[in-house]
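Novice: Take a look at the following structure, please.
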Amino acid sequence: MKTSKKTEALSADYADGRRLNRHSVVVDVVEGLICVNLRNLRTKFLTGVAVSMLLTGCSLAPTYQRPELPVAAAWPESAKAAVHPTDAKAMPDWQIYFPDPRLQALIKAALENNRDLRIATARIAEARAQYGIAQANRIPNLNLNASRTASLTPGSTSPTGNRYQMQRYDINASLVSFEIDFWGRVSSLNATAKALYLATEEAQRSFRLSLICDVANAYLAVLELQERERLADATAQGRGEMKKLIEQRRDVGIASDIDALQSDGAYQAALADKASLQQQRATAENLLGVLVGKMSDTLPMGRSLAMQEIRNEPMAGLPSVVLLQRPDVLAAEQRLIASNANIGAARAAFLPSISLTGSFGSASRQLNGLFGAGSDAWSFQPVLTLPLFDAGRNAANLDVAQARKVIAVAEYEKTIQQAFREVADLLSARDSLSVQLAAQKANLKVQQQRQALVEARYHAGVANHLEVLDAQRDAYAAGQAQLQVQRAQLSAATQLYKVLAGETEN
């Protein structure tokens, strides 16, 4: 038998995932696979199946309504200075938000090589396949069966005492236990699988956002520690020179042993600080390597902390409703939709279910008579199942579904509240970190001027060594503090990109 062009077109439609008329699915498959002269019987059989399928569509799931936003419509007073009363704009792509070429190359490598991201992507494929299985249950499965049966009965066991030989050829199309979805049980399960699939997609997008920000933060940590290490190295060199000078002055009787010991202690402290920063930098680089997955040997030159230019201005016009676009919030809502659909499936379990099993085709003792007149064969077996006593199993399943919906609502609202807090914290931190950085820069300038003045006075014999040590310590601490605040400000801007659900598809 040859497959008809109509069947080939039908297969292409299935491959494209198109929505097909259920009656035409059954008819086209049968016409393409079996060419038997059973038109009247086939029409009656398929018409009955099609009519029963058209009766489906009633759903017992509660009508889904998105819960009200469990947070204020506006941000707290501490964060209001960070937003502007204009229309909200979308976050830019990460290539624009993070302009450092080296950081861009690292993020791109992470998106290609990170193992956790691969796992998240594979989970999307798994959820998509599960959704495809659930969706397939809404369409009847038709099987083409062809068989030959041969048997020989010896005369000793035959009622007539004669040997009896029999052979039979069968070909038929069968419908195997298709459930008519009167109460929407199958459609509710399909809706559940779809929502879980969409939740997985949003979870993957949320992880993608987190990965971008984690790489950026790890890179900023490496830059901070590199610059702090260079500052510690420069300080150690300066204190080493001062140590030598004091030892020379002590040898000629100008400086005391106490001055020499103090200068040596300050020098050793700078070396210890440098070693500690080297170890921290190595740890940060290892973390960055794990996040990236595969570190390239040809990365472009990067920028210093001061030249990062990560966008520190939040998007204009940010009402709290913007949180509904965050992938973690969208994933929580899809899980809520899934739990809502499960209630419909649990309710449908209390009601009768009808399953259809049947076949039609041709049977003959001879192969050449398989399609001859009078070879028609068919069977039809509808099964009605009515639950009578289940010891409360269905009621308990319904209670479970309703309890899980309550949990899903609470988790959805908790996710929004957590998102609101994260955004509010970062918006309020923006201005305070800017003030801190400006103050630290001013303090560093003052401490450097003081150090230069005290050292000049010391060389002139006006100031003592203790004043020099105090000035050096304060200038060093101010330099380290400035780098820490500078990195904190950049990290806040990086986290702001994550919590406002920046675009990450490119």
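Novice: All but one of (1) touching a helix residue (DSSP H, G or I) at 6+ places or on another chain (Cβ under 6 Å); (2) under 15 Å from residue 469 (Cα atoms) hold for residue 241; which doesn't?
Specialist: (1)
Novice: Any residue in segment 170-192 that is farther than 30 Å from residue 364 by Cβ sitting within a Cβ distance under 8 Å of a residue that is basic (Lys, Arg) and modelled with pLDDT of 75 or more? List the pairs, counting only those 6 or more apart or interchain.
Specialist: 179/185; 183/347
Novice: Let me ask something else. Quick one: which of 167, 104 is of a type outside the set (A, V, I, L, M) and out of contact with any Ser or Thr (no Cβ under 7 Å at 6 or more places or on another chain)?
Specialist: 104
A quick yes/no check of all residues on (1) outside any helix (DSSP H, G or I); (2) within 24 Å of residue 468 (Cα to Cα); (3) in contact with an Asp or Glu (Cβ under 6 Å, 6 or more places away or on another chain):
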| residue | (1), (2), (3) |
| --- | --- |
| 232 | no, yes, yes |
| 245 | no, yes, no |
| 274 | no, yes, yes |
| 282 | no, no, no |
| 285 | no, no, no |
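Novice: Whether any residue in segment 443-463 is touching a residue at least 40 places away in the same chain (Cβ under 8 Å) and touching an Asp or Glu at 6+ places or on another chain (Cβ under 6 Å) is what I want to check.
Specialist: Looking through segment 443-463, none of the residues is touching a residue at least 40 places away in the same chain (Cβ under 8 Å) and touching an Asp or Glu at 6+ places or on another chain (Cβ under 6 Å).
Novice: Listed residues 139, 124; which is assigned to a helix (DSSP H, G or I), out of contact with any Cys (no Cβ under 7 Å at 6 or more places or on another chain) and not charged (D, E, K, R)?
Specialist: 124
Novice: Out of segment 174-214, which residues are under 30 Å from residue 359 (Cα atoms) and hydroxyl-bearing (Ser, Thr, Tyr)?
Specialist: 174, 177, 187, 188, listed by residue number.
Novice: Continuing with this model, one more query. Confirm whether residue 453 is closer than 30 Å to residue 202 by Cα, out of contact with any Gly (no Cβ under 6 Å at 6 or more places or on another chain) and not charged (D, E, K, R). Can you show your working first?
Specialist: Details: closer than 30 Å to residue 202 by Cα: no; out of contact with any Gly (no Cβ under 6 Å at 6 or more places or on another chain): yes; not charged (D, E, K, R): yes.
Taking the combined requirement at face value, the residue does not satisfy it.
Novice: Can you name the number of the only condition in (1) surrounded by fewer than 17 Cβ atoms within 10 Å (Cβ to Cβ); (2) over 30 Å from residue 402 (Cα atoms) that residue 360 fails?
Specialist: Residue 360 satisfies every listed condition except (1).
Novice: Check whether at least one residue in segment 183-194 is outside any helix (DSSP H, G or I) and either under 30 Å from residue 382 (Cα atoms) or modelled with pLDDT of 85 or more (or both), and report yes or no.
Specialist: Within segment 183-194 (the criterion being outside any helix (DSSP H, G or I) and either under 30 Å from residue 382 (Cα atoms) or modelled with pLDDT of 85 or more (or both)), the answer is yes, since at least one residue qualifies.
Novice: Across segment 248-281, what is the total count of residues that are within 28 Å of residue 484 (Cβ to Cβ) and charged (D, E, K, R)?
Specialist: 4
Novice: Something else: Can you tell me which condition residue 368 does not meet? The list is (1) modelled with pLDDT under 85; (2) under 53 Å from the mean Cα position of the chain (by Cα); (3) part of a helix (DSSP H, G or I), and all the others hold.
Specialist: Every listed condition holds for residue 368 apart from (2).
Novice: For the structure I just gave you, tell me whether residue 175 is in contact with a Pro (Cβ under 6 Å, 6 or more places away or on another chain) and not in a helix (DSSP H, G or I).
Specialist: Here the answer is yes, as residue 175 does meet what is asked.
Novice: Residues 138, 102, 118, 148: which one is at pLDDT below 85, out of contact with any His (no Cβ under 6 Å at 6 or more places or on another chain), farther than 30 Å from residue 362 by Cα and of a type in the set (D, E, K, R)?
Specialist: Values: 138 fails: farther than 30 Å from residue 362 by Cα; 102 fails: at pLDDT below 85; 148 fails: farther than 30 Å from residue 362 by Cα.
Step by step, each of 138, 102, 118, 148 is checked, and only 118 is at pLDDT below 85, out of contact with any His (no Cβ under 6 Å at 6 or more places or on another chain), farther than 30 Å from residue 362 by Cα and of a type in the set (D, E, K, R).
The values are calculated or read from the model by the stated rules, or taken from the named source; none is laboratory data. Just so it is clear, the model here is predicted, and its values are computed rather than measured. Every residue, glycine among them, receives a Cβ derived from its backbone with ideal geometry; neighbour counts consider all protein chains shown.
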